[in-house]
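Report on the structure given below.
Since every read-out is calculated from the coordinates, none of them should be taken as a lab result. The structure displayed is predicted, hence computed values, not measured ones. Cβ placement follows ideal geometry from the backbone for every residue including glycine, while neighbour counts extend to all protein chains displayed.
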């Protein structure tokens, strides 16, 4: 077998791979990403769950705007292990489809979760942001677990190649802000998180489940009353009065639920307006910096 083609292929690989790895990040994209998502300074607490992160070395916190990002908890055996920054890539050219490694997922981040930025890197046309929950994370689906810790993930935003070729920083930051909003202060992040709460549909769903549970209890009470009436323990007039009271109570509950849903929808609209204001402010600041004389 002629070894020349093989050698040529190896040389090509050695030339191409370094150029991919060390390709220069487009300057505008680099500036906007690393200025908005300043990573934490190195400290043991962002590596291992055995010790708490050093608050003085945190630089950026983000509030999750869109839920569904997979995250992992560090494992525990005698003591806590290092954090598992599970990779989760959002493919923006495929309707924001999230891909991650195989195997069970510990939890999924929810809207309003506060995370610390512990690392930022760019590879090819993908921007990676490492996130670590600001506090110990207790997923509702794992309430029976004995131990809890912070959760972590490395979120990747995979942009179409033309975005990086044209150094389209506006598209990059606009897309990233759709998923999480950055803050330089932990307190500011938690204050904002309280204003957006959880997903409107999720909250309304919880209220609806509660209402259905109350309706089931009311039906059971009616069944017992009918049984009592059948044996003469309760008069028809008393049963009718009790039925009327229950129906009136149910109408009030439905009205109350509708009012809550409307209030949540108004809050979501206000939050969207505030987000747009913040985006415009950030864009104006970036333009002002670009227009300022270079020293």
Requested in this report: Using the number of other C-beta atoms within 10 angstrom as an exposure proxy, rank 175, 181 with the fewest first.
Outcome: 175, 181
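Sort 143, 194 so the one with the fewest other Cβ atoms within 10 Å of its own Cβ comes first.
143, 194
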Query - residue 227-residue 142 FRET efficiency (beta carbon distance; Förster radius 30 Å; 0.05 resolution) - result: 0.15
Query - FRET efficiency for residue 102 and residue 123, using Cβ-Cβ distance with R0 set to 25 Å, rounded to 0.05 - result: 0.75
Query - Convex hull volume per residue in cubic angstrom - Cα atoms of the stretch 73-139 - result: 126
Query - 183, 159, 34 arranged by Cβ crowding within 10 Å, fewest neighbours leading - result: 34, 183, 159
